[in-house]
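J.: This is the structure, below, for whatever I ask next.
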Amino acid sequence: MANAIFRLENSWAPIEGDEGGGFVFTLVNLSDAPVSGFTLAYTSLTRVKDNPACENVRFIRRNANFHQFSPPDGFVLQPGASWQFSVKGLWRPARHRTDGAKSAYLTLADGAHVDVAVDDLMLSGRHSEPAPRLLPDGEAKEPFALLPFPADARLQAAETYPVALYPAEGTGLEDLKAMQAIGGLYRRLFSVAHAPFALGAVHEGKALTITADASLGKEAYTLDFGSDITLTYGDAAGRAYGLTALTQLLHGARLEPQKFSFPASGHIKDAPRYGWRGCHLDVSRQFYPVADVTRLIDIMAWLRLNIFHWHLTDDEAWRLEIKAYPTLTTLGVLRGPDEPMLPQLGNGAAPVGGFYTQEDVKAIVAHAASLHMEVVPEIDIPGHSTATLTALPHLIDGQEAPDSYRSVQGFPNNALNPAIEETYVFLGKVFDEMVELFPSKLLHIGGDEVAANTWMASPLAKKLMEKEGIEGTFGLQSHFMKRIQGMLAERGRKLAGWDEVSHGGGVDPAGTLLMAWQKPEIGIELAKQGYDVVMTPGQAYYLDMVQATEWQEPGASWAGTVPPHHTYTYEAVGEFPDELKPRMRGVQACIWSEHFLNRDYFNHLVFPRLGAIAEAAWTPKDKKDWLRFAAIAPLVPKL
Ligand code: ACM
């Protein structure tokens with residue numbers, strides 16, 4: 001905000017006897033005029049409780065991480081002057097510089113809104129450590145820039161590398177197309193680098209023979225290096241992965257010839273450790289334009305990840321165009337001072353929105369499919385539904401007391417009501433449109449973080465519980481989920497969800513896939529219950545988590561501190577008993593975007609850890625090597 005006329009400083013200090021500590025804010029007037037009769041709003045994930053103890057300020061309201069205050073009566077802030085106030089009574093202590101205000105604005109006496117510049121949260125009363133280095137220099141004893149590293153590679157380094165690889169005489173159309181596809185991927189990711197492939201013979205290039213051998217199996221390939229190169233593949237995905245591996249080898253040798261080489265001779269025999277190698281992106285809290293989504297998919301393909309889990313809806317926004325319910329992507333996306341949904345998570349005076357048209361979705365799904373990647377869409381129900389209920393208020397039980405329960409993120413009454421028949425009419429139409437857009441056999445319906453007393457003040461829910469003999473919030477949740485599972489089955493789809501889908505009786509585990517996020521032990525418990533499991537524990541695979549304990553390192557920390565070394569070395573299959581291992585389908589990175597206000601932040605948090613998860617998903621445990629990874633990871637392209 002180059003020309004801000006107000007700035008809000010914020011600092012946090014510990015307080016004895018109050019674990020949450022307290023904030024001190026200072027508003028500086030950089031304009032040429034005095035200002036009075038205003039209110040100040042800010043967004044902060046470190047929220048205040050209902051009746052915060054404030055000094056020199058009046059608390060007006062809070063909704064999730066939106067907070068609003070006014071100065072004392074009659075207060076005038078002169079040009080160049082500051083107004084300082086303190087706020088105590090926080091839900092949890094701030095731990096990092098990103099735990100303070102993310103945005104702020106003033107509402108002036110005439111109702112106009114003016115952005116206020118904010119920056120890092122400062123630490124008071126304690127030593128503020130700078131962040132350490134997160135990735136060592138690394139050392140690739142085998143000098144080959146492959147990430148993920150193959151299951152089996154026996155290679156001898158060459159002195160030099162070919163100018164480009166080109167198809168041997170007689171190469172068929174599908175193989176040529178595959179070379180073009182991976183050459184295109186490379187060009188999108190590295191727009192200035194030398195082309196890895198040419199489709200005609202190249203002076204000082206090497207000929208590539210491509211052959212199919214279905215006996216290798218799904219996603220598998222082999223490479224033989226000599227005076228020319230042979231790629232053998234089990235299926236089309238294996239062919240793409242073999243071509244990607246060749247491209248990585250050339251890229252490393254060109255870019256860092258002192259560290260990496262192209263093979264002169266030798267053999268690679270490769271196949272993934274897990275069939276599910278996922279990465280999730282939360283596009284609700286922050287919106288990612290189509291170009292960003294396709295680039296993330298390209299980066300995932302470079303890392304041989306094969307599942308894009310697209311978190312399309314949450315409390316803060318519904319991002320998927322549904323033709324039957326157009327208000328979902330008008331009222332259900334706009335956040336602003338005068339919109340039905342208030343600014344959150346870095347929003348200021350200007351309203352923000354953003355959604356994907358069905359044409360956008362088709363293009364993204366096709367792009368992913370061209371890279372052998374499946375898009376698993378998520379609409380997060382029954383909780384996390386503030387945006388939905390804002391867009392479709394007829395889905396609310398009008399007799400339910402407002403603010404009768406709150407989500408862990410502080411949203412009041414944010415769940416779809418299982419006792420309202422219109423809820424199922426709505427979801428049926430949403431599913432009808434989704435199955436036309438997403439070929440995946442799985443539809444992810446969320447199911448996470450329904451607050452413990454949800455629906456308990458809804459007379460309609462009470463009536464349903466009495467009629468059906470259902471107990472409590474999670475009995476109702478299970479009743480709802482079972483109906484949803486049936487609705488998906490009618491449409492030829494299986495249910496995927498977060499681990500809490502299993503609560504209160506859960507659903508039929510047959511064909512159901514749940515993601516263990518709260519802690520690793522939950523994955524084993526779910527597998528025991530008969531669910532298929534993908535491991536995405538926050539403590540290792542949530543890429544919004546901070547990478548070091550120091551205050552000056554940015555990130556969220558509610559699931560702990562997640563250094564790249566931990567993400568890399570973590571073994572998700574860990575304590576799974578042998579008989580349950582087949583239920584563990586794979587691993588997944590999650591990119592929750594509450595804190596992700598800009599691209600540099602995204603890149604700082606997502607890399608190198610996305611590559612670490614890709615290697616955990618692909619490379620056998622005994623072939624993982626932290627120092628090799630550290631040497632190669634800087635070559636991974638960023639968003
Ligand atoms: C989640 O992190 N609420 C799945």
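J.: Identify the single condition in (1) on the phi > 0 side of the Ramachandran plot; (2) modelled with pLDDT under 95; (3) small (Gly, Ala, Ser) that Gly80 does not satisfy, given that it satisfies every other one.
T.: Among (1) on the phi > 0 side of the Ramachandran plot; (2) modelled with pLDDT under 95; (3) small (Gly, Ala, Ser), Gly80 violates only (2).
J.: Going by what's in this entry, would Ala496 be described as modelled with pLDDT of 95 or more, of a type outside the set (Val, Ile, Thr) and within 16 Å of the ligand (Cβ to nearest atom)?
T.: In short, yes.
J.: Which residues, taken from the range 32-88, are over 22 Å from Arg406 (Cα atoms), touching an Asp or Glu at 6+ places or on another chain (Cβ under 7 Å) and in a loop (DSSP other than H, G, I, E, B)? Before the answer, list the steps.
T.: The initial filter retains those residues of the range 32-88 that are over 22 Å from Arg406 (Cα atoms), namely 32-40, 54-58, 70-86.
This time we only want the ones that are touching an Asp or Glu at 6+ places or on another chain (Cβ under 7 Å), so: 79, 85-86.
Scanning the range 32-88 gives a single hit, Pro79.
J.: Right, another one. In the range 508-559, which residue that is of a type in the set (Gly, Ala, Ser), away from the ligand (no atom under 13 Å from the Cβ) and farther than 16 Å from Val606 by Cβ is surrounded by the most Cβ atoms within 10 Å (Cβ to Cβ)?
T.: Of everything passing the filter in the range 508-559, Gly523 is surrounded by the most Cβ atoms within 10 Å (Cβ to Cβ).
J.: In the range 380-415, how many are more than 16 Å from the ligand (Cβ to nearest atom) and not small (Gly, Ala, Ser)?
T.: 16
J.: Please go through the range 76-134 and give me each residue that is of a type in the set (Gly, Ala, Ser), over 30 Å from Gln286 (Cβ atoms) and free of Cβ contacts under 8 Å to residues at least 40 places away in the same chain, ordered by number.
T.: none
J.: Could you identify the single residue in His503, His479 that is within 16 Å of the ligand (Cβ to nearest atom), touching a residue at least 24 places away in the same chain (Cβ under 8 Å) and surrounded by fewer than 22 Cβ atoms within 10 Å (Cβ to Cβ)? Talk me through it step by step, then tell me what you get.
T.: On the way: His479 fails: within 16 Å of the ligand (Cβ to nearest atom).
Sole residue among the options that is within 16 Å of the ligand (Cβ to nearest atom), touching a residue at least 24 places away in the same chain (Cβ under 8 Å) and surrounded by fewer than 22 Cβ atoms within 10 Å (Cβ to Cβ): His503.
J.: Can you name the residue in the range 581-595 that is away from the ligand (no atom under 16 Å from the Cβ) and touching a Gly at 6+ places or on another chain (Cβ under 9 Å) and is also nearest to Gly530 (Cα to Cα) among such residues? Give the steps one after another, and end with the answer.
T.: Kept after step one, since they are away from the ligand (no atom under 16 Å from the Cβ), are these residues of the range 581-595: 581-586.
Then drop every residue that is not touching a Gly at 6+ places or on another chain (Cβ under 9 Å), which leaves 583-586.
Numbers: Arg583: 8, Met584: 11, Arg585: 13, Gly586: 16 Å.
Out of the qualifying residues, it is Arg583.
J.: Here is a follow-up. Being surrounded by 17 or more Cβ atoms within 10 Å (Cβ to Cβ) and either within 16 Å of the ligand (Cβ to nearest atom) or not in a helix (DSSP H, G or I) (or both) is the requirement here; does Ile445 meet it? Explain how you work it out, then say what you get.
T.: Numbers: surrounded by 17 or more Cβ atoms within 10 Å (Cβ to Cβ): yes; either within 16 Å of the ligand (Cβ to nearest atom) or not in a helix (DSSP H, G or I) (or both): yes.
Answer is yes for this residue.
J.: Quick test for you: out of Thr244, Thr211, pick the one residue that is buried (at least 16 other Cβ atoms within 10 Å of the Cβ) and polar (S, T, N, Q).
T.: That would be Thr244, the only listed residue that is buried (at least 16 other Cβ atoms within 10 Å of the Cβ) and polar (S, T, N, Q).
The values are calculated or read from the model by the stated rules, or taken from the named source; none is laboratory data. Here the structure is a predicted model, which means the values were calculated and not measured. Every residue, glycine among them, receives a Cβ derived from its backbone with ideal geometry; neighbour counts consider all protein chains shown.
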